[in-house]
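Report on one structure; see the data block that follows.
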Amino acid sequence: MPEREAREYPGVPLGCRGLFSPHVEEYASRRVQAVAVMRSVLLALSRNRTANRLAKKYGLRFGATRFVAGDTIEKAVECIRDLNRRGIMGALNYLGEFENTEQGAAEKTRKLIETLDAIHSSGIDCNLTVKITSLGLDISKEICVANLTKIVEHAKKYNIFVRIEMEDYSHCQQTLDIYKEMRQKYDNVGAVIQGYLYRSEKDIEDLNQYKANLRLVKGAYKESAEVAFPKKADVDRNYEKIIKMHLSNGNYAAIASHDEAIIEKVKQFVKEKNIPKDQFEFQMLLGIRSDLAQKLANEGYRVRIYVPYGTDWYGYFMRRLAERPANVWFVLKNLFR
Ligand code: FDA
């Protein structure tokens, strides 16, 4: 246990690890509650628009560079070049979400088209991953679809794949409807399904008719028990189930997780079922378990790292802290640098 904690909490003083670690045996319920409260606070902060505005103004701070490649496309391309050299592919994300003006959504679209141009001209092995609330989903579905169409069409010219991300539950149905609409016209588009939602099993069945290329994740937003499994063990179980379903249906799966136990189960499953290595890939986030990503790439698996860039880093950063409250320690350290 101490070695595991030391690996998972590098730099966190010994006495503080237990405060964050879910692996400590005598796990006092007060500590569980403290972590749950911290998670809720961080997730609530991730949606705070004033904090987001300030964060944009003052640039990457508080150790956010651990999770974000930089504020320019040049830095992001450099980061992916380095990954490619190590046999790992990239997924570029121009940061931004919840755009509520038409002009802002058009600007995001322009930036994403520039990102596609940069992927193409630099020759990096990389695709694009997009949050469609940044393309105006909260303004109107029509505006969002028009912007997304421009992006997917531009990507198609370069033979670049575009992943539509899944955001909070309130956008889930609309996001899947838009994905299906796009999928009928384009083959370079994919979606994301979250294991924590009760509905996901049905969505996997439904998306089978689209031969969907899906990224499968556990889910990163704060959702109510009415729509999502509240217990981590249930999320993990459902996550494993939908991965197996999607792979067994013969569809391409991007298994996006840092959970070693899940990754081992997937490796075992594909071996047993003779699922070829080019029917799936493992995905991880920049700054998290890069050792594991490299190990998988060395073993011959397809591995892709999600590389976010841009000035709109705040919401993304807060969600990374919420997933792993031990990361708050890094923020505190960076505050005093
Ligand atoms: P879990 O949370 O059980 O963590 C397993 C282990 O991973 C931990 O024990 C720790 O070692 C490490 N770890 C996990 N998170 C960490 C962190 N923040 N810092 C340090 N260590 C950490 N979600 C969503 O709702 N919509 C989406 O579109 C996406 N897209 C997406 C793309 C990619 C490439 C990835 C990897 C993830 C997403 N996610 C997402 C996020 C996802 O839903 C989930 O919140 C995180 O991946 C954390 O869950 P794990 O599967 O890693 O397992």
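What are the residues in the range 259-270 that are buried (at least 18 other Cβ atoms within 10 Å of the Cβ) and either modelled with pLDDT under 95 or within 12 Å of the ligand (Cβ to nearest atom) (or both), if any?
Residues of the range 259-270 buried (at least 18 other Cβ atoms within 10 Å of the Cβ): 262-263, 266, 270.
Correct list: Ile262, Ile263, Val266.
Selection of the range 181-209 for residues being closer than 22 Å to Glu142 by Cα and in contact with a Lys or Arg (Cβ under 7 Å, 6 or more places away or on another chain) yields Tyr186, Asn188, Val189, Gly190, Val192. For the range 83-110, the set of residues classified as in contact (Cβ under 8 Å) with a residue 12 or more places away in the chain, closer than 19 Å to Leu285 by Cα and not in a loop (DSSP other than H, G, I, E, B) consists of Leu83, Asn84, Met89, Gly90, Ala91, Leu92, Asn93, Tyr94, listed by residue number.
Being modelled with pLDDT of 95 or more, part of a helix (DSSP H, G or I) and near the ligand (Cβ under 9 Å from one of its atoms) is the requirement here; does Leu296 meet it? Show your work before the answer.
Values: modelled with pLDDT of 95 or more: yes; part of a helix (DSSP H, G or I): yes; near the ligand (Cβ under 9 Å from one of its atoms): no.
So Leu296 fails the test.
Among the residues of the range 211-241, how many are within 15 Å of Met166 (Cβ to Cβ) and aromatic (Phe, Trp, Tyr)? Steps first, answer last, please.
Taking the range 211-241 as the starting set, the residues that turn out to be within 15 Å of Met166 (Cβ to Cβ) are 212-223, 227-228, 235, 238-239.
Okay, now just the ones that are also aromatic (Phe, Trp, Tyr), so 221, 239.
Total satisfying the criteria: 2.
Against the list (1) in a loop (DSSP other than H, G, I, E, B); (2) within 15 Å of the ligand (Cβ to nearest atom); (3) within 23 Å of His171 (Cα to Cα), the condition Glu226 fails is (2). Restricting Ile80, Ile113, Ile124 to those that are modelled with pLDDT of 95 or more, touching a strand residue (DSSP E or B) at 6+ places or on another chain (Cβ under 7 Å) and not in a loop (DSSP other than H, G, I, E, B) reduces the list to Ile80.
Scanning the range 196-216 for residues that are surrounded by 14 or more Cβ atoms within 10 Å (Cβ to Cβ), assigned to a helix (DSSP H, G or I) and among the polar types (S, T, N, Q) yields Ser200, Asn208. Residues that are of a type in the set (Lys, Arg) and in a helix (DSSP H, G or I) within the range 127-156 comprise Lys141, Lys150, Lys156, listed in sequence order. Residue check: is Ile139 over 20 Å from Trp313 (Cα atoms), within 19 Å of the chain's Cα centre (by Cα) and assigned by TED's automatic domain parsing to the domain that holds Met89? Answer is no for this residue.
Out of all the residues in the range 254-276, is one or more part of a helix (DSSP H, G or I) and over 19 Å from Glu240 (Cα atoms)? First the steps, then the outcome.
Taking the range 254-276 as the starting set, the residues that turn out to be part of a helix (DSSP H, G or I) are 260-272.
Then keep just the ones that are over 19 Å from Glu240 (Cα atoms); that gives none.
Checked against the condition, which is being part of a helix (DSSP H, G or I) and over 19 Å from Glu240 (Cα atoms), the range 254-276 yields no hits at all.
Scanning the range 92-134 for residues that are of a type in the set (Lys, Arg), more than 16 Å from the ligand (Cβ to nearest atom) and either buried (at least 16 other Cβ atoms within 10 Å of the Cβ) or within 20 Å of the chain's Cα centre (by Cα) (or both) yields Lys108, Lys111. A search for C-beta distances below 6 Å between a residue of the range 193-212 that is of a type in the set (A, V, I, L, M, F, W, C) and any residue that is assigned to a helix (DSSP H, G or I) and buried (at least 20 other Cβ atoms within 10 Å of the Cβ), counting only pairs 6+ apart in sequence or on different chains, returns Ile193/Ser200; Ile193/Asp203; Ile204/Ile242; Ile204/His246. Specify the residue that is farthest from the ligand (Cβ to nearest atom); the eligible residues are those in the range 149-189 that are surrounded by fewer than 17 Cβ atoms within 10 Å (Cβ to Cβ) and closer than 18 Å to Val217 by Cα. Only one residue tops the list, namely Gln173.
Residues that are in contact (Cβ under 8 Å) with a residue 24 or more places away in the chain and not in a strand (DSSP E or B) within the range 299-312 comprise Tyr301, Arg302, Gly310, Thr311, Asp312, listed in sequence order.
Selection of first residues in the range 313-324 that are near the ligand (Cβ under 7 Å from one of its atoms) and of second residues that are of a type outside the set (A, V, I, L, M) and modelled with pLDDT of 80 or more, restricted to Cβ pairs under 6 Å at least 6 apart or on distinct chains, gives the following pairs, ordered by first then second residue: Arg320/Phe67.
The values are calculated or read from the model by the stated rules, or taken from the named source; none is laboratory data. A quick note: this is a predicted structure, and the numbers were derived from the prediction, not measured. Ideal geometry is used to build each Cβ from the backbone, glycine not excepted, and the neighbour counts take in all protein chains shown.
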